[in-house]
Amino acid sequence: MHIHAYEKLWLAAAIALILLLIGSVTYGAVGPGVAMVTDSENQIDAGGLDEDERFSEPRVEQVGENHYEAYVVAYQFAFDPSPIVVPEDSRVTLYVTSRDVVHGFEVVGTNANTMVVPGEVAQISFEVDEPGEYGVVCNEYCGAAHHTMEGKLHVVSQSEFENRGENA
Ligand code: CUA
């Protein structure tokens, strides 16, 4: 059978493209220096949160001048701690993980919103200014009482924050 020269050329070009595609996919997965999106730093044992130094005691910590970090655990069907209490005029970084199934974490009326996946630590940062109370909702279906799963974020004055009790 006679194959036209142009046909051979297109055939060769098509095969080259396929090999290039396979090559680029392979390189994207295993190439040197290529890290997958699920970075191992953010991995956590969802069943071992009680032994985890960050999440065994969910809390708010001051990490710099006007910078606070909070460790939050989501579970069926609540958030811990609740309320999350932070002082006004500060930068807040939340680390949120789940001890059971996939949840959502959304501070109502803001763009602070993340998915919370067991085995992973979600991180969100935002600025707070005036004192106020915000609702926190779960926006991923997580079971029978999903619609009741909510928490609170309280932004309080500096003096109120400093005088808060151990249970705040
Ligand atoms: Cu947790 Cu829906």
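Every read-out reported here was derived from the displayed coordinates using simple, explicitly stated rules and does not represent laboratory data. Predicted, not measured: the structure shown is a model, and the values here were computed from it. All Cβ positions, even for glycine, are placed from backbone atoms using ideal geometry, and neighbour counts span all protein chains on display.
Mind telling me which of the residues 161, 126 ends up being part of a helix (DSSP H, G or I) and away from the ligand (no atom under 16 Å from the Cβ)? Going through 161, 126 in turn, the sole match is 161.
The rows are residues; the columns are (1) surrounded by 15 or more Cβ atoms within 10 Å (Cβ to Cβ); (2) of a type in the set (Lys, Arg); (3) without any contact (Cβ under 8 Å) to a residue 24 or more places away in the chain; (4) farther than 25 Å from residue 42 by Cβ.
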position	(1), (2), (3), (4)
65	no, no, yes, yes
137	yes, no, no, no
151	yes, no, no, no
161	yes, no, no, yes
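Within the stretch 65-94, the set of residues being in a strand (DSSP E or B) and more than 14 Å from residue 155 (Cβ to Cβ) comprises 67, 69, 71, 72, 73, 74, 75, 78, 79, 80, 93. When the stretch 75-103 is limited to residues that are within 12 Å of the ligand (Cβ to nearest atom) and within 22 Å of residue 132 (Cα to Cα), the one that is nearest to the chain's Cα centre (by Cα) turns out to be 96.
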